[in-house]
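Each remark here refers to the structure printed beneath this line.
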């Protein structure tokens, strides 16, 4: 508990007290649920509830939302209106399990490592790649998202509809969508 990052939740609560937004989203590791037998999570949730009367928590697997990572995250969503309906995570888009069904359709496969980083240049061990150019133009919608070639909502729409290759339409977008873009400048 001596790590300064363990106090970020309390800083966030003070921020909410001052700014008084209509709502908030707080994301953390799932380990927060188990620290001191769950007492720390209970304290955090109570602190958030003191500034936002409607607070709901869920654990989500990020790979179910077209993020190329296999890890779970704790999400708390708070709203100022006490009578607000309970927040529930959105329906999953992707799955690591073949042929997994959601309520209305089969889920798309999770985003693979190749889809995510297949456009990065080869680096020697210990090499700083920030000066290197991408190895190729983006070939997947995830790579295009990381280079700001499409908006997150567009990315999720393409994933949900099984359209993972890039470009979706010709001609390919310009600027950061070109293979000459530097790796470290893609998100600026």
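Largest first and in whole Å, give the semi-axes of region 15-119's equivalent ellipsoid, each being the square root of 5 times a Cα gyration tensor eigenvalue.
Result for region 15-119: semi-axes of 31, 16, 14 Å.
Based on alpha-carbon atoms only, what is the radius of gyration of region 58-127 relative to the globular estimate 2.2 N^0.38 Å?
Cα-based Rg divided by the globular estimate yields 1.52.
No lab work stands behind these numbers, since they all come straight from the coordinates. Owing to the predicted nature of the structure, the values given are computational and were not obtained by experimental measurement.
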